[in-house]
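The values are calculated or read from the model by the stated rules, or taken from the named source; none is laboratory data. Owing to the predicted nature of the structure, the values given are computational and were not obtained by experimental measurement. Using ideal geometry, Cβ is built from the backbone for each residue, glycine included, and neighbour counts are taken over all protein chains shown. Calculation scope for accessible area: heavy atoms of the full protein, side chains included, ligands and nucleic acids excluded. Shrake-Rupley method; radii C 1.70, N 1.55, O 1.52, S 1.80 Å.
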Amino acid sequence: MKAVLLAALLAAPPAYAQQSPSFDSSTLIEEAITRVRAMAYRRDKVDWPVLEAKVRAEAAKARDPIDMLTAYETLLSGLGDGHSFVNVDAERRAAFKARYGREFDSARVHKATLSKWYLRRSPDGFRHAIGGKFALRVIVPFVVGGGAPARAYADKLYGNFTANPGACGYIVDIRGNAGGNAWAMLTGLTALLGNGFGTPAPGMAEAAMPFARIAGGKAIVNYGEHKDAAMFELAAWRPLPSLAKAPVAVLIDDIVGSSGEQTAIAFKGRSHTRFFGQQSYGVASENEGFVLPDETNLVVTTGMMRDRTGRIYPQGVPVDVQVMPGEGLASDPDDAVVEAAKGWLARQRACQRR
C-alpha cells in the first residue's frame, strides 16, 4: 500500500490534536484538493469544477477538524475509484458519530458479498489428506497495522511451512481477507512465492516497479526515501527453495479486496498454481497517503496493482474454477471450495503415489 503503509510501519502515528485557535477550513481544504488532484489515479476522469465546489461548500460549514471529515470524504469519494478513503483514529471517528449520529463515511456504497470468512484473524495451518500424502492449507486473514502484532502474524504464517515438512501441495486460503498490511501477508508466504519475489527487472521504471521485494525473509523497499529499508523481517526465516515449485491452490471469494487482492495477485503467473472460489471484490489498486495539518490522513488511489507479467485487475481477480460457497462432500467436512482445491491437487504429480 506504498506510502500509507510504510508510514505505519516505520513511525508511530501522531496523537490526535485538539482544536487549534488557528483552525482554518479554507486553507486545509485547498491543500487537500491540490494534493489529491495531483496524485489521484483517476484525476483525468473527474469533473473537478463540480467536485471542488461541493468540497469547498462542505468545508465552509466546518467549525473544527471533526466537521472537516465530511469535506474530505466528499473529496475522496468523488474520485470514483472506490478505494480512496479518509483515515482517522477511533477517537475522532467516535467524536463525529457522537455529534451527528452517523459515521462520516456512512453514505459509501459497498458491494453485497456472500463471504462468511471475514471474521477470521489467525493465520493457522491445517493438514488435508490427499491419498497417502497430505496438503497444507494456510489461512491468510485480514491484518492491519505494523509493529509486534503484524510481525507475530507473519511469523506464525511462515511457521506453518517450517512446521509441516513433506506436504505434497499447498492451499492458500485468502477468503474473507478484505485488506490491511499486504507485506505481513506476503512475507509470511515467501516460501511459496520464492526468495526474491517482487524484485523488479533491471532498468524498469520506478512507476512500474513493485513497491517492495521479498528476500531473505524481509520485505525490502525498492525506491523512494526509504529505499532498501526492511519493512518486515521474519524472526525464524530459513530458506525453503523447493516450495517455490510446489503446486498451490489459491482460494478467494467476493470480499477479498485491497491488500487481500494484492496477496492473491502475487500468485498470478506462478507455475503450478490454480485459483478457486469467486472473483474478488475489485479494489486491486495502489494507495498512497499524506497527513494534513489537522492530522487527517487522506489515502488516495494512485495506480493499479500488477502481477508479475504486468497485468492489472480493475474488475477484481478472476478464478480458474468458480465454486460457490457451500458444503463439501457428504463424506468429508471440508467446504466445497476446499474440496475443489483438494481434487485438483490430487491430480498433480507431486501428490500422486509413485
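A few comments on the model shown:
- Separation of the range 93-148 and the range 258-316, taken as the distance between their Cα centroids, equals 16 angstrom.
- Nonlocal amide H pairs with L240, under 5 Å, H built at 1.01 Å: none
- Computed about the Cα centre, the dipole magnitude for the chain is approximately 1420 debye when only Lys and Arg (+1) and Asp and Glu (-1) carry charge, each at its Cβ.
- Checking the cross-link pairs K156/K227; K54/K116; K54/K268; K111/K268; K45/K97 against a 30 Å limit on the alpha carbon distance flags K54/K116; K54/K268; K45/K97 as lying beyond it.
- Reported to the nearest whole Å, the Cα centre-to-centre distance from the range 48-82 to the range 151-192 is 39.
- Around the amide H of A215, modelled in the peptide plane, lie the amide H atoms of G196, I220, all under 5 Å away and 5 or more residues distant in sequence or on another chain.
- Charges were assigned to the Cβ only: +1 to each Lys and Arg, -1 to each Asp and Glu. The resulting dipole of the range 280-354 about its Cα centre is roughly 800 debye.
- Using a Förster distance of 45 Å, the FRET efficiency for R349-D44 (Cβ separation, nearest 0.05): 0.40
- Only Lys, Arg (+1) and Asp, Glu (-1) charged, at Cβ; the range 50-146 dipole about Cα centre in debye: 560 debye
- Maximal additional length on extending the H272-R35 stretch stands at 81.0 nm, based on 0.36 nm per residue less the C-alpha distance.
- Among L251, P293, I33 the positive-end extreme of the charge dipole of the chain (Cβ point charges): L251
- For the peptides 248-257, 320-329, the ranking by mean Cβ contacts within 10 Å, running from highest to lowest, is 248-257, 320-329.
- In the range 237-354, the portion of solvent-accessible area held by carbon and sulfur atoms comes to 49 percent [1.4 Å probe, whole percent, DNA, RNA and ligands not counted].
- Positive-end ranking of N87, G101, L114 along the dipole of the range 63-133, with charges on Cβ about the Cα centre, is headed by L114.
- The chain: antiparallel DSSP beta bridges as a percent of all, rounded to 5: 60 percent
- Proximal lysines to K133, defined as alpha-carbon separation beneath 20 angstrom and excluding residues fewer than eight positions away on the same chain: K245, K342
- For a paramagnetic label modelled on S106 (point 7 Å from Cα along Cα→Cβ), amide N atoms under 16 Å away belong, within the range 59-78, to 67, 69-71, 73-74.
- Cβ-Cβ FRET estimate between A129 and K245, R0 fixed at 35 Å, reported to 0.05: 0.95
- Placing dummy labels 7 Å off each Cα toward the beta-carbon, the span from K54 to A163 is 4.9 nm.
- Which labelled figure in (i) 19.1; (ii) 17.9; (iii) 17.0 is mean projected area of the Cα convex hull in nm², once derived from the coordinates: (i)
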